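The values are calculated or read from the model by the stated rules, or taken from the named source; none is laboratory data. Please read all numbers here as calculations on a predicted model, not as lab measurements. Positions of Cβ are generated from backbone atoms using ideal geometry, with glycine treated the same way; all protein chains shown enter the neighbour counts. Remember, those area values only see protein heavy atoms, side chains included, never the ligands or the DNA or RNA. Shrake-Rupley method; radii C 1.70, N 1.55, O 1.52, S 1.80 Å.
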Amino acid sequence: MKLLDDVRMYAGFARALGPYLRHTVTLDEARAIVRGRLAERGELFLRTAGRGIYGHPTSPYLPLLRRAGCELGDLQRSVRTRGLEDTLRALRDGGVVVGFDQFKGRAPIVVDGVEHRVKAHDFDNPFAARHLESTTGGSTGAGTRIAYDLRHLTETTANRVISHTALGLDGLPTALWRPILPASSGLMGIVRSAKTGTMPRRWFTPVAGGELRLPLKYRLAMTYVLGTLRARGYRPPRPEPVPLDRADVVARWARDTARSEGRCVVRTSVSMALRVALAATERGWDLTGVTFSGANEPPTEAKVRGITRTGASYVTRYGMSEGGAMGPPCTRPADATDVHLCEDVWALILNPHRIEGAGAAVDAFCFTSLLPTAPKLMLNVETDDYGIVETRSCGCPLEEAGWRTHLRQIRSYKKLTGEGMTLVGNDMLRVLEEHLPARFGGSALDYQLREEEDERGFTRLTLVVSPRVRVDDEAAVLQALHEGIARGGPGAALTGAVWAQAGSVRLERSEPVWTEAGKLMPFRRVRAA
């Protein structure tokens with residue numbers, strides 16, 4: 001039955017590809033589309049909620065809305081009188097919030113003491129077509145399935161055109177260093193590029209299909225999608241295996257292309273961009289003219305500094321696999337992490353989230369999707385991110401397009417726990433990416449913290465340090481770790497002191513582990529078997 005479903009899906013992809021590719025959106029058209037959506041954000045949301053939530057009896061949001069006493073008519077009156085964001089805040093205050101683990105299908109939705117068990121696919125848009133399918137990278141747990149509707153890619157092409165033009169990246173020679181299916185970033189990058197007529201020249205993939213022993217359906221899907229594009233006159237690149245320890249291959253392409261053509265773009269994660277930059281530095285190569293465009297992983301100042309030392313530039317984009325692009329980079333940023341929220345596609349409010357055991361709270365991002373073609377319907381869905389949200393005038397073309405809300409310094413509030421003490425991730429991130437490299441050498445790619453249970457059930461933390469870093473005294477590294485933690489403030493200092501006394505942190509000389517999607521997560525959790 002699943003095979004038949006897949007056959008139907010790819011047959012639908014072939015049928016939908018023609019209309020999808022038929023028209024290339026111009027910049028003027030893109031601006032008009034975004035202006036129109038911004039002018040009717042509230043009505044756009046109401047149409048999506050009316051059909052996808054209230055018109056879908058098994059929607060996981062309905063128990064929460066009913067407890068809050070909010071029927072469709074109530075929602076319509078509130079949006080039209082109070083505005084969209086104020087309505088979403090009122091719903092939040094009434095308990096209409098879906099937590100990150102609930103959205104991922106890892107925890108039930110509890111309403112008046114009754115558990116409503118949910119799965120990740122319960123949040124799928126029931127009225128979206130299923131033309132392509134992938135899974136998330138699984139950096140926060142088991143990957144979840146994502147279906148894509150080519151109509152949604154068409155809807156969001158306007159945003160892509162505006163941001164690419166603003167950054168001056170439109171038409172530049174481009175390479176991807178992205179994984180193949182089941183991760184979506186590589187193949188979807190190809191499909192999106194076909195729509196805008198800017199096909200990448202090269203597609204480097206960090207993991208080859210043979211290494212992963214991919215199921216046949218993914219190998220066939222790759223062949224089918226690329227073959228279908230070729231049959232329509234496009235020339236998508238074939239994925240070329242380039243493992244993480246051969247970042248010099250990507251660096252060479254970037255250097256040579258920038259030399260011969262003035263500028264080029266490499267689309268990859270910030271960690272992999274840093275690998276390319278370090279490979280270039282080791283060989284004395286100048287990457288002036290190269291722009292690294294990153295997504296799927298929040299940048300840090302340390303990583304960005306490592307990239308830009310080569311002469312290259314770095315721009316970040318914010319998004320999530322389940323929802324797509326949320327924020328293109330500001331061209332006049334306050335810092336290297338500054339992005340504009342695509343307010344024609346998303347609504348954002350903040351939800352105070354207390355981090356258990358940390359004695360701290362953060363304003364977690366709560367997103368609501370506005371487009372009726374979105375792959376997932378999101379209503380006050382709390383992601384595991386928080387950061388600075390501000391409305392300010394920057395004078396860049398994205399502000400002129402109507403996107404005035406800025407997001408920056410985006411981080412996960414995921415906690416690290418040991419001996420009953422909890423540390424907010426940002427405190428440890430500073431130690432891993434700045435304090436330890438400054439003290440012992442290496443870069444932000446050479447240090448990783450692993451959280452796991454030992455044979456007795458105690459939560460232990462292992463500081464993984466690459467063998468490339470010369471360490472004469474391992475005890476000195478752990479001492480420096482605790483000293484760095486202590487600089488994070490009284491709460492962090494207390495946690496560090498308890499960990500030091502209990503010997504909670506151990507040191508291991510090995511290479512940090514990267515995800516299959518090509519991300520280096522500073523914190524890696526190993527779940528008990």
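When you go through (1) crowded, with 19+ Cβ neighbours inside 10 Å; (2) at pLDDT 90 or above; (3) within 28 Å of Arg219 (Cβ to Cβ) one by one for Tyr148, which number turns out not to apply?
Single failed check for Tyr148: (2).
Can you pull out the helices (runs of 4 or more DSSP H) entirely within segment 217-311 that have at least 2 residues that are open to solvent by less than 60 Å² (accessible area, probe 1.4 Å) and closer than 23 Å to Met188 by Cβ?
Filter on segment 217-311 gives 247-261, 270-282.
Within segment 312-334, how many residues are part of a loop (DSSP other than H, G, I, E, B) and open to solvent by 30 Å² or more (accessible area, probe 1.4 Å)?
Looking only at that region, the number is 6.
Would a scan of segment 356-363 turn up a residue that is among the hydrophobic types (A, V, I, L, M, F, W, C) and at pLDDT 90 or above?
Taking every residue of segment 356-363 in turn, none turns out to be among the hydrophobic types (A, V, I, L, M, F, W, C) and at pLDDT 90 or above.
Do we find that Leu429 is at pLDDT below 70, open to solvent by less than 40 Å² (accessible area, probe 1.4 Å) and touching a Ser or Thr at 6+ places or on another chain (Cβ under 9 Å) in this structure?
No, not satisfied.
Out of segment 80-137, which residues are open to solvent by 30 Å² or more (accessible area, probe 1.4 Å), assigned to a helix (DSSP H, G or I) and at pLDDT below 90?
Hits for segment 80-137 are Asp101, His121.
Can you find, within segment 319-355, the residue that is nearest to Glu400 (Cα to Cα) among those that are of a type in the set (S, T, N, Q) and touching an Asp or Glu at 6+ places or on another chain (Cβ under 9 Å)?
Thr337
Output the residue which, of all residues in segment 356-410 that are on the phi > 0 side of the Ramachandran plot and in a loop (DSSP other than H, G, I, E, B), is surrounded by the fewest Cβ atoms within 10 Å (Cβ to Cβ).
Filtering first and then ranking leaves Gly395.
Filtering segment 34-58 down to residues that are open to solvent by 50 Å² or more (accessible area, probe 1.4 Å) and closer than 11 Å to Gly402 by Cα, which residue is nearest to the chain's Cα centre (by Cα)?
Among them, the one singled out is Arg35.
What pairs come out if I take residues in segment 397-413 that are within 18 Å of Ile162 (Cα to Cα) and pair them with residues that are open to solvent by less than 20 Å² (accessible area, probe 1.4 Å) and polar (S, T, N, Q) whose C-beta lies under 7 Å away, six or more apart or interchain?
That search, which allows pairs on different chains as well, returns Leu398/Ser163.
Filter segment 19-42 down to the residues that are in a helix (DSSP H, G or I) and of a type in the set (D, E, K, R), then identify the one that is nearest to Asn159 (Cα to Cα).
This residue is Arg31.
In segment 165-178, which residues are surrounded by 19 or more Cβ atoms within 10 Å (Cβ to Cβ) and touching a Leu at 6+ places or on another chain (Cβ under 9 Å)?
The answer is Ala166, Arg178.
So, of the residues in segment 189-207 that are hydrophobic (A, V, I, L, M, F, W, C) and touching a helix residue (DSSP H, G or I) at 6+ places or on another chain (Cβ under 8 Å), which turns out to be surrounded by the fewest Cβ atoms within 10 Å (Cβ to Cβ)?
Result: Met199.
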